[in-house]
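Undergrad: My questions will all concern the structure given below.
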Amino acid sequence: MLLAGETTGRRVMTGSAAPASGSSHLEVVESWPARIRRPLDLLRLVGLVAGLLVLITVGVVARDTGRGADADIARLVGHVPALVRSALGLVSAFGALAFPVALIVREVVRGNRRGLLEALLTGFLAIGIAQGLNRVLTAFPSTALYGALTAPSGAPAARPLDTYLTALFAFATVVGVAEDRPWRRLLGGVTAVYVLSAVASTSATLLSLLVSPVLGMLVGIAVRYAAGSVNESPDGARIAAALARQGFPLARLEQVPADQTDHRAFRATAVTGALLDVQVFDRELITSGAAYKLYRIVRLRAELAPAPALSLERVTEHRSLLALTAQTLGVRTPRLLAGLPCGPDSIVLVYECPVAAPLEAPTDAQLDDLWGCVCALHASHVTHRALTAGRILADPQGRVVLPIPVTGAVFAGDLRVNVDRAQLLITTAQMAGPVRAVDSARRNLSDDELAAVLPVLQPIALPAATRRVVKQNAGLLDDVRAEIQAQTHHQPPQLANVERFRPQAILSLVAVIIAGYLIVGQLSSVDVRTVFAGAHWQWVPFVLLASALTYVAAAVSLTGYVRETLPFGRTVLAQLAASFAGFVTPPAVGGLATNARYLQKAGVPATGIATGLGLSQAVNAASHVLLLVAFAAATGASADAGLPVPGWAFVVLGGAAGLGLLALAFPRTRHWLGVRLLPPLRQSVSRLADLVTTPPKLAEALLGVLALNAAYIAALWFAVLAFHGPISLASAAVVYLTGAAIGSAAPTPGGLGAVELALSTGLVAIGVPGTEALSAVLLFRVATFWLPVPFGWLALDWLRRRDAV
């Protein structure tokens, strides 16, 4: 639970609790902040920001449609008799004045003076924000946003945003109108009449009247989240009293850290001396982590990511069902003793607290006992999903006690069961090593059942806590997979497809859409037939040849960075396969992974792979910068059209250098850079020294780098010659090197969108007409990016079948 404006403190309170019979002395130890930040408010804030952006985007794109809707509504209201329109205006004015006054009176009557003061200050803040935005938008009347928010020409002057609506909704949000149905309906009626009257008088656009309330709610939620809300959740004394009425009189109730953020956890001591685990679920905490849960639902298959429980009742009912099911199956887990409401927005679940300690260094018998308990659940299609080290317990007799089930599933299918087994394998391997973990699993599962776990042994399928373990213990997942394959003698299966989509696929789709939009937008005013009719197609084979030579040059360069001898033909195919990997991942990421795998299969040690690839990236980057500077100088000194460097570029470079020097002035920053940069630099020094002192290797590395850039520059130059007259080779080099730098910085696969825009803009800057520049860029990208994709896939498949990658 996050605090706002308060310091977390331990409150120790003693008093009397009234149990079912008699009374007892009660001691309560808890952290009790007066104000809290609700996770639901943060979720609402994110939703409002997204909604505001969508409204603005739609309004700007469909500005004419919005104006048509404004005109239709005004025309419709114009047919209403004048007397009714006058009455509508009076009702609107009266409601606009009376509603906030009524809210103020309500808060005064309730005695919520502090909340009323906060709401009034938030309303004034919203007025200031709306006025400031109006001034900014009015200062740029030619922008599309200003035109969408204001009335069309000929209408009375109007401000882009409605200050009253912004302030009203900010005030109402802080007061909490949304939580009271009658007042919520009254606010909706007042707003509808006000909007109708404003549109009828053409004093405001429909978009402005939609954006203003959303902006007001955004301000109100932001203030409420920053300042915090009054903590109305039941404190320890109220919880103890509710438990006493249920037949659980307590002597002590102490708050302890919760294993999850959706509830508060207490350790209770009953008057009989029994220990109890008390979990308190508050409605405002249930939505904690809801955004991540929704992301998992969207990304993972439905049978793997169950729907998130976002209601208080659903969460507690699900946990109760899991606990009662485990008890019915005879599985050792803390028993659920009671569940009871504690006020209108809290539910308390009471579990027994077994005398047990976390299971550490388990014996083979304990590992078998653990697998036996879990298999009893799986036999009834029940999963646990919380089988992590530190939560699995052992009682004084050495018997395993499973943790309280919280996120498991009833009626689970085979996929969920296998994921549960995969989690237990990782956990037992963490505690006892992969060999003993797989041995124990084989004693409780058949070889086929154990082999069925292999396809889901992948980080994305595992729960968050287990993913962190895999990340912290590098190689643990691979060791478990290898041990299962060794003991069951099953061939490595293909990983199960547990995702609905991959982020790279969405990124690629968005990049293609953007690139297509840019290209279509430029081609819309182009006579494509005339352009291609005048093309010089004899240059196209040279473009394709230059593209093919890039893979040969890349192979020569890679060979120069490693001591070991690499088969040249396979190395060329590996570079072609890397181009396919780069098609489905951000630039350089897929290519580096493919080359690393190829070098590993070729017998290059891990240190050699890391230093070789790291050194190649460093040399490639340095050579790229040096070539860009050299060709830019040659371009500026030539008689051809130069590439003017804008003044802001020097400002940006100077600012970046200044920030770098300022960062180095702080010891903490210097230490962080030293930890991050010095170790890989030290590892590369010996490799670099070996490279420099070996002339053949040095020649291969440098020749490969220069040939790679030369081939790409030649491909672009030939592509321009195919649609345009001769241009300076130096100018083409500067355009390519600049576009490649922008493409490598873009997070899209192959720099989609960014490269096309950068290259076409650069060609236009050196005097190539826009139509011909776009055509040349399209030919260049087809030859160097799109055409190699199917050949790269074939090369990757060929190398895989020969265990070369």
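The values are calculated or read from the model by the stated rules, or taken from the named source; none is laboratory data. No experiment lies behind these values; they were computed from the predicted model shown. Areas reflect the complete protein model, heavy atoms only, side chains present, ligands, DNA and RNA absent. Shrake-Rupley method; radii C 1.70, N 1.55, O 1.52, S 1.80 Å.
Undergrad: Evaluate 2.2 N^0.38 Å with N set to the residue count of segment 198-242, then give the Cα radius of gyration divided by it. Intermediate results must be reported in sequence, preceding the final value.
TA: Numbers: Rg = 20.0 Å, N = 45, 2.2 N^0.38 = 9.3 Å.
After normalising by residue count via 2.2 N^0.38 Å, the value is 2.13.
Undergrad: Would you calculate the volume per residue, in Å³, of the smallest convex hull containing every Cα atom of segment 93-214? Can you show the working numbers first?
TA: Numbers: hull volume 11.0 nm³, N = 122.
So the per-residue hull volume is 90 Å³.
Undergrad: Please arrange 471, 601 by accessible surface area, largest first, computed with a 1.4 Å probe and ligands excluded.
TA: Values: 471 175, 601 80 Å².
Sorted descending by solvent-accessible area, the residues read 471, 601.
Undergrad: Still on this structure, please answer the following. For segment 311-396, what is the Kirkwood hydrodynamic radius in Å, using each pair of distinct C-alpha atoms?
TA: Values: mean 1/r = 0.0692 Å⁻¹.
Answer for segment 311-396: a Kirkwood hydrodynamic radius of 14.4 Å.
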